[in-house]
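The values are calculated or read from the model by the stated rules, or taken from the named source; none is laboratory data. As the structure is a prediction and not an experimental result, all values here were calculated from the model. Cβ sites come from the backbone with ideal geometry, for glycine too, and all protein chains shown count toward neighbours. Just the protein is used for accessible areas: all its heavy atoms, side chains included, with ligands, DNA and RNA removed. Shrake-Rupley method; radii C 1.70, N 1.55, O 1.52, S 1.80 Å.
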Amino acid sequence: MVQYHGRGAEFARAVGDTLVAMEPKDSALSRRGVLTGGVALAAQGGALLAQTTTAQTKPVQSKPAAPGRKFRGWVSRGTGPGRTTLQDLTLRPISGRQVVVRTEATNLCYSNTTDVLGLPPPGVPPANKDAPPGPVSPAFLAMSRMALIQGHGGVGIVEAVGPEVRRVQVGDRVCVSGTPQCGSCYQCLRGRADMCQFLGRQGPNDLVPIADLRDGTPVYANSHIGGLAELMVTFEEWVVPVFTKASAADLGMVCSCVAVAGLGCTASQVLAAIETGSIVAVVGCGPLGLSAVQGARIAGASTIIAIDPIRVRREVALKVGATHVLDPNVEGDKLVEKVRELSNGPNNRLWAGGRDSGGLLGGAGADFVVEGVGADRARPKLEAGPDPTGILPLQQAYMMCSPGGHIVTTSLPTGNVTLPAVVFTIGGRTHHAGQCGGANPMRDIPRFVELLDKHQFDAKSLATTIVPIEGMLDAYQQVVDRTTVTALMTA
Ligand SMILES: [Zn+2]
Ligand SMILES: [Zn+2]
């Protein structure tokens with residue numbers, strides 16, 4: 001039985017012990033064991049357990065962790081700039097379904113800039129910095145008091161596993177996915193692993209201490225991951241084994257939360273499928289949008305319209321698969337109209353099988369729209385977009401979708417969105433709200449790694465800053481300034 005104390009107790013009760021109780025207690029039964037034991041054994045019911053156990057001369061899943069091991073990690077605590085510092089840490093013992101991963105690379109996600117750099121919390125749009133701060137949740141305050149390793153993803157090598165871990169073994173190369181997948185909950189079983197029950201178990205009362213500071217202060221891993229460190233201590237629900245010789249940076253890029261989201265919404269087909277030859281618009285060409293551009297190309301779109309205010313990002317979009325690029329600052333109020341024009345096609349006559357751009361609901365438009373803009377956490381040093389809250393691009397994304405088309409939203413805007421009610425109710429657009437683009441991590445991340453290995457996914461054009469662990473803060477500043485496409489820390 002797993003033993004947790006303090007903050008971890010509720011987490012273990014709620015999701016951990018349920019699964020543990022379902023598993024055989026005294027065996028070394030693993031998925032690998034089942035496979036190496038032979039398929040024929042599966043037909044023998046009860047014999048499976050005994051024979052598989054016998055076949056394994058030594059249980060591979062009981063490798064102990066190395067408690068007391070020293071490692072470095074960026075620890076955030078308190079508020080304001082300077083809250084994140086590089087610290088010497090001492091690893092705590094692991095148990096149950098915990099997994100220790102030696103970090104090879106971790107991506108510096110824009111959504112984490114607030115916590116890493118001590119910027120004002122979400123809900124305080126930079127354009128309104130003189131306005132009173134928005135409501136800050138008790139959970140946010142509690143988290144800001146904890147010593148927390150930020151970073152919600154990464155790739156690396158499994159160094160140790162708890163005795164109940166089945167999914168990976170020591171030496172495996174893994175993606176520590178920003179989105180967990182237990183494979184057993186209602187959401188996983190209904191095909192929406194992006195909504196796995198474990199995702200909601202990352203609050204201050206769910207986290208377990210994984211290390212100690214020199215003065216004995218317990219240190220926690222953000223999202224049960226804590227990617228900004230030389231070691232990640234996570235749970236098996238978050239790890240996806242990947243079998244590849246790709247470089248740490250390339251693998252870290254394709255396995256990042258943003259690339260998985262961008263490829264997820266275009267190539268996983270969980271939320272909606274891009275039809276071959278169709279027209280796709282991608283609003284926002286950060287690393288997520290640029291991954292979506294690539295996913296749309298791979299899915300066989302004929303026209304890919306990439307929209308971003310930053311010139312360099314539009315250039316990267318053209319390089320990785322966009323057929324057209326638009327600057328929302330140049331197009332202004334005409335942006336939606338421009339996308340409809342580009343979507344008209346050469347046969348926009350009635351009766352000719354064309355796309356009629358007229359009518360109340362707006363005929364032409366993209367068949368499939370990916371929205372990946374979100375709110376600015378700080379004013380960019382390169383070209384700023386037309387709305388720092390991310391709401392205007394969200395409205396535009398909805399309106400540039402053709403009747404009968406699909407829109408997938410992926411970003412973190414602030415505020416409320418207003419849409420023409422009739423278009424919303426009977427306009428034929430289908431909206432999909434997807435966490436990580438709806439990707440099914442255990443199925444899709446290995447596929448995305450294949451796309452990298454087969455040179456269909458260009459990681460290098462997206463990972464434009466790669467730094468060792470000491471350079472993390474400088475690289476994060478580039479991310480929030482938007483002077484780089486995205487950054488990776490290698491450890
Ligand atoms: Zn992220
Ligand atoms: Zn699940």
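Count the net charge of all other residues whose Cβ sits under 11 Å from the Cβ of MET253, scoring Lys and Arg as +1 and Asp and Glu as -1. After counting each charged neighbour, the total is -1.
Provide the per residue accessible area, probe 1.4 Å, for the range 174-269, rounded to a whole number of square angstrom.
Values: 2750 Å² over 96 residues.
Ligands and nucleic acids excluded, the result is 29 Å² per residue.
Each of ASP333, ASP458 has its accessible area taken with a 1.4 Å probe; listed largest first, they run ASP333, ASP458.
Put a dot 7 Å past the Cα of VAL312, heading toward its Cβ, do the same for LEU382, and the two dots end up 0.5 nm apart.
Viscosity 0.692 mPa s, temperature 37 °C: Stokes-Einstein D of the range 336-491 from its Kirkwood Cα radius, in µm² per second?
Details: Rh = 18.3 Å.
The estimated diffusion coefficient comes to 179 µm²/s.
Measure off, as a whole percent, the carbon and sulfur share of the 1.4 Å-probe accessible area of the range 375-439, all protein chains present.
Details: 1690 of 2850 Å².
Here it works out to 59 percent.
Per-peptide packing, taken as the mean over residues of other Cβ atoms within 10 Å, places 314-320, 172-178 in the sequence 172-178, 314-320 from highest down. Rounded to the nearest percent, how much of the accessible area of the range 191-281 (1.4 Å probe, protein heavy atoms only) is carbon and sulfur? Its accessible area is 48 percent carbon and sulfur atoms.
Multiply the residue gap between HIS455 and ARG69 by 0.36 nm, knock off their C-alpha separation, and tell me the result in nm, one decimal place. It would help to have the intermediate numbers written out before the result.
Numbers: separation 386, 0.36 × 386 = 138.96 nm, distance 3.80 nm.
Answer, rounded to one decimal: 135.2 nm.
Report note on the peptides 408-416, 289-297: ranked by the mean count of other C-beta atoms within 10 Å, highest first, their order is 289-297, 408-416. Using a probe of 1.4 angstrom and keeping all protein chains present, the accessible surface of the range 370-468 works out to 44 square angstrom per residue.
With a cut-off of 11 Å between beta carbons, the residues surrounding THR303 carry a summed charge of 0, where Lys and Arg count +1 and Asp and Glu -1.
Please get the size of the charge dipole for the range 301-451, origin at its Cα centre, with Cβ charges of +1 on Lys and Arg and -1 on Asp and Glu, quoted in debye to the nearest 20. Before the final figure, lay out the partial values.
Working: 15 positive and 15 negative charges, 34 e Å.
Approximately 160 debye in magnitude.
Per the Debye formula on identical point scatterers at the alpha carbon atoms of the range 221-292, with no solvent, log10 I(q)/I(0) at q = 0.17 Å⁻¹ is -0.81. Ranking LEU231, LEU263, GLY252 by how far each Cα lies toward the positive end of the dipole of the range 212-306 (charges on Cβ) leaves LEU263 at the top.
Viscosity 1.002 mPa s, temperature 20 °C: what is the translational diffusion coefficient of the range 386-432 from Stokes-Einstein with a Kirkwood Rh over Cα pairs, rounded to a whole number of µm²/s? Spell out each step's value before the answer.
Details: Rh = 11.1 Å.
In µm²/s, the coefficient is 193.
With K and R counted +1 and D and E -1, the other residues having a Cβ less than 10 Å from that of THR84 yield a net charge of +1.
About its Cα centre, what dipole magnitude does the range 133-240 give when the only charges are +1 on Lys and Arg Cβ and -1 on Asp and Glu Cβ, stated in debye to the nearest 20? Intermediate values should be presented prior to the final figure.
Numbers: 8 positive and 10 negative charges, 65 e Å.
Rounded to the nearest 20 debye, it is 320 debye.
Highest mean first, the peptides 378-387, 249-258, 233-242 sorted by other C-beta atoms within 10 Å per residue fall in the order 249-258, 233-242, 378-387.
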